[in-house]
Amino acid sequence: MDFIASLPQGVELRHFAEIDSTNEEARRLADAGVAGPVWIVADRQTAGRGRRGREWQSPTGNFSGTLFLRPRCSLKKAAELSFVAGLAVHEAVSSLIGPGHAAQLTLKWPNDVLLDGHKLAGILLESASAGSGDVGWLAIGMGINLAVFPDNPAYPATALRVLGLNITLAEMLEALARAFETWIAIWRREQDFGLIREAWLARAQGLGGPITVRLADETFEGTFMGLAGDGALQVKMADGALRAVSAGDVFFPGHGA
C-alpha cells in the first residue's frame with residue numbers, strides 16, 4: 001500500500017518500508033546533492049541510533065523519521081534547531097492527543113519529549129560543515145513511540161497507545177510537518193535565540209526544581225535554573241554558583257534519564 005501524507009508545498013517525502021537509519025539516508029541525500037527539504041520516514045529502522053551512539057529501538061508501529069534541510073546558517077545558529085525540533089514535536093503530539101493528555105507533555109534537556117515524566121520521543125541532530133563555517137546540511141532525526149516502548153528501568157519510557165490512542169505514521173508525519181513549518185519560520189524570523197528559548201522553557205520538565213546531571217566523568221546535583229543564551233543547561237549549585245552544561249544526561253526526582 002502506498003504511503004500517503006499531505007505535506008507543506010515544496011517539501012518532498014521519501015518513505016521506506018525498512019531502512020538502516022533515516023539519518024543515514026539524509027547523509028546519502030546530502031552526498032547526492034539533494035537540496036531539500038525532505039521528510040524521510042520508515043516503517044522500521046534496522047540501525048536506529050540516539051544520542052551518544054546509543055541504540056534507538058525502531059519497531060514497526062512507531063514513528064521513525066528525519067527532516068533533511070540545508071539551513072544556510074552558521075553551526076552555532078543551527079544548534080538552536082535542536083530546541084526548535086523539541087517545540088515542533090511537542091506541538092505535533094499535543095495536536096493529536098488532545099488538551100487533557102497534552103498537559104502531561106514536557107520537554108527535557110537537551111532533546112527529549114516526555115509524557116507524564118516518561119520518555120515518549122527522542123531527537124538527534126546530525127550535520128556537516130560546508131567548509132565556510134556554515135552548515136552544509138542538517139538532519140533532524142525523530143523517534144516517537146506511537147505503539148510500543150522499550151522496557152528499560154534506567155530510562156522509563158511510554159507510548160501513545162498507553163493512552164488508548166492509535167496514531168498512524170501518516171497522521172504523525174502530517175502533524176510534525178505542520179509544526180516544523182511554524183517553528184522554523186519563527187526561528188528564521190527571530191534575530192536571536194530569545195523567543196525559542198522562552199517557548200522551550202515554558203514547556204520544560206523540572207524548571208526551578210532539583211536536578212541531577214551526569215557527565216562523562218562526573219555526576220552532580222543542583223537546581224535547574226534555565227537555559228543560557230547558547231542553549232546550555234544552567235544549574236545552580238549548593239554554593240549559589242551557576243554552572244553551565246553543554247552536554248550530559250539529566251535526571252529528575254522520581255524519574256530516570
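The values are calculated or read from the model by the stated rules, or taken from the named source; none is laboratory data. Every value quoted in this text rests on a predicted model; they were computed, and no experiment measured them. Here the Cβ positions follow ideal geometry from the backbone for every residue, glycine too, while neighbour counts run over all protein chains shown.
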Ser132 vs (1) within 30 Å of Met225 (Cα to Cα); (2) without any contact (Cβ under 8 Å) to a residue 24 or more places away in the chain: all pass except (1)
When region 171-196 is checked residue by residue, the ones that are at pLDDT 95 or above and farther than 20 Å from Leu7 by Cα are Leu195, Ile196
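Residues checked against (1) at pLDDT 95 or above; (2) of a type outside the set (Phe, Trp, Tyr); (3) crowded, with 23+ Cβ neighbours inside 10 Å; (4) in contact with an Asp or Glu (Cβ under 7 Å, 6 or more places away or on another chain):
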{"site": "Ala85", "(1), (2), (3), (4)": "yes, yes, yes, no"}
{"site": "Val89", "(1), (2), (3), (4)": "yes, yes, yes, no"}
{"site": "Ala92", "(1), (2), (3), (4)": "yes, yes, yes, no"}
{"site": "Ser95", "(1), (2), (3), (4)": "yes, yes, no, no"}
{"site": "Ser129", "(1), (2), (3), (4)": "no, yes, no, no"}
Looking only at residues that are under 18 Å from the mean Cα position of the chain (by Cα) and hydroxyl-bearing (Ser, Thr, Tyr) in region 137-168, which one is nearest to Ala102 (Cα to Cα)?
Thr158
Suppose we filter region 239-255 for residues that are over 17 Å from Ala216 (Cα atoms) and modelled with pLDDT under 95; how many remain?
4
Residue match in region 111-120 (condition: farther than 20 Å from Ala204 by Cα, under 16 Å from the mean Cα position of the chain (by Cα), surrounded by 17 or more Cβ atoms within 10 Å (Cβ to Cβ) and touching a residue at least 40 places away in the same chain (Cβ under 8 Å))
no
Report, ordered by the first and then the second residue, all pairs with beta carbons closer than 6 Å, sequence separation of six or more or different chains, a first member in region 208-227 that is closer than 19 Å to Ala154 by Cβ and part of a strand (DSSP E or B), and a second member that is of a type in the set (D, E, K, R) and at pLDDT 95 or above.
Thr212/Glu221
Restrict the check to region 230-244 and report whether at least one residue is surrounded by fewer than 18 Cβ atoms within 10 Å (Cβ to Cβ) and in contact (Cβ under 8 Å) with a residue 24 or more places away in the chain.
yes
For region 1-37, give me the residue count where each residue is outside any loop (DSSP other than H, G, I, E, B) and either of a type outside the set (D, E, K, R) or farther than 21 Å from Arg70 by Cβ (or both).
9
Quick check: is even one residue across region 80-97 free of Cβ contacts under 8 Å to residues at least 24 places away in the same chain and within 20 Å of Glu181 (Cα to Cα)?
yes
Given the criteria in contact with a Phe, Trp or Tyr (Cβ under 9 Å, 6 or more places away or on another chain) and either under 27 Å from Gln45 (Cβ atoms) or of a type in the set (A, V, I, L, M) (or both), does Ala154 qualify?
no
Residues that are touching an Asp or Glu at 6+ places or on another chain (Cβ under 8 Å), over 26 Å from Ile97 (Cβ atoms) and not in a helix (DSSP H, G or I): does region 169-191 have at least one?
no
Give Ile184, Ile144, Ile140, Ile196 a once-over and let me know the one that is farther than 29 Å from Arg28 by Cα, assigned by TED's automatic domain parsing to the domain that holds Ser74 and among the aliphatic types (A, V, I, L, M).
Ile196
Over region 192-201, the set of residues hydrophobic (A, V, I, L, M, F, W, C) and part of a loop (DSSP other than H, G, I, E, B) is Phe193
Pairs with Cβ under 8 Å, 6+ apart, first in region 66-77 and closer than 9 Å to Gly136 by Cα, second among the basic types (Lys, Arg)
Pro71/Lys77
